[in-house]
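Everything on this sheet refers to the single structure shown next.
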Amino acid sequence: MKIKLTTLLFSLLVFMGNAQSKDTIAAIKNQDKISCKQFIAPVALITAGTLLLNKALNDNLQSNANNFFGRNFNTTADNYLPFVPVAQIYLGKTFGLKPKNDFQHQTINIAIANAIMGTVVFASKNIFQQERPDQSDNLSFPSGHTATAFTNASLLYYEYKDSNLWYASSGFLFATATGILRIANNKHYTSDVLAGAGIGLATGLIVSHWNPFQPVTFRKKKKTTAFIYPQIGSQIGMGAIVQLN
């Protein structure tokens, strides 16, 4: 049973990597256009997560996870891993990589993508009212932590995929780890994590291609300082402080 659980979660990571690789090939042919094929992975994950709801398989996977990690397993790493890709977005240029956007537009994309994702997740949680595995509340589906992690990982991917594919894809490792740890912490079912991953991938894809405010240019004479920070509590989220000097 442990092998089945590990195989399922590993398959999720492989599936993400394969989908993103195909997207890169398509992007070379069609640089700034978005295609329906790019939504196959997000839709498949959201559909799979929804179909698993209230199924015996979902409960069995959770039971196997509890046995595998231990029923007393607890870590706070899943509160911070979703934001590692954000740091990678800002630090990529420091490592000699060429980003798609400048600092200001990176910040705008991060803020807007997380706002959209947060709205979708919040609405879905209140619509489905699914109880968490630890019975702490009825806001289990979908996983907000996982959605945040995959949103930021997707933004990182589309920001640097033309510069360094390995660096661009590395965010999905942290995103997948976040999903696994949410299950290990007994905070989410596999269905929640799959749906959250799909929502995150779709949001990152849409915002990266939409690139809001891209035509807006920031005059060099004025310095714009922006700071994106995580908000961790009963619900995970992001805040932003923008100062115009």
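For the reader, a short list of remarks on this structure follows.
- Less than 5 angstrom separates the built amide H of Asp137 from those of Arg132, all sequence-distant by 5 or more or on a different chain.
- Under the Karplus curve 6.51 cos²θ - 1.76 cosθ + 1.60, θ = phi - 60°, whole-Hz ³J(HN,Hα) for the stretch 83-91, x wherever Gly or Pro sits: 9, 4, x, 5, 4, 5, 4, 6, 8
- Peptides ranked, highest mean first, by Cβ atoms within 10 Å: ranges 63-69, 132-138, 105-111, 151-157: 151-157, 105-111, 63-69, 132-138
- Phi to ³J(HN,Hα) by Karplus 6.51 cos²θ - 1.76 cosθ + 1.60 over the stretch 197-203, Hz, x for Gly, Pro: 4, x, 5, x, 4, 5, 5
- Taken one residue at a time, the phi angles of the stretch 55-65 give Karplus couplings (6.51, -1.76, 1.60, θ = phi - 60°) of 9, 4, 4, 4, 5, 5, 5, 5, 5, 5, 5 Hz. Gly and Pro are set to x.
- Rounded to the nearest whole angstrom, the semi-axes of the ellipsoid equivalent to the stretch 146-189, taken from the Cα gyration tensor as √(5λ), stand at 24, 9, 4, largest first.
All of the numbers you see were taken from the coordinates with simple rules; none came from a lab. Just so it is clear, the model here is predicted, and its values are computed rather than measured. Don't worry about glycine lacking a Cβ; one is built from the backbone with ideal geometry, like all the others, and counts go over all protein chains shown.
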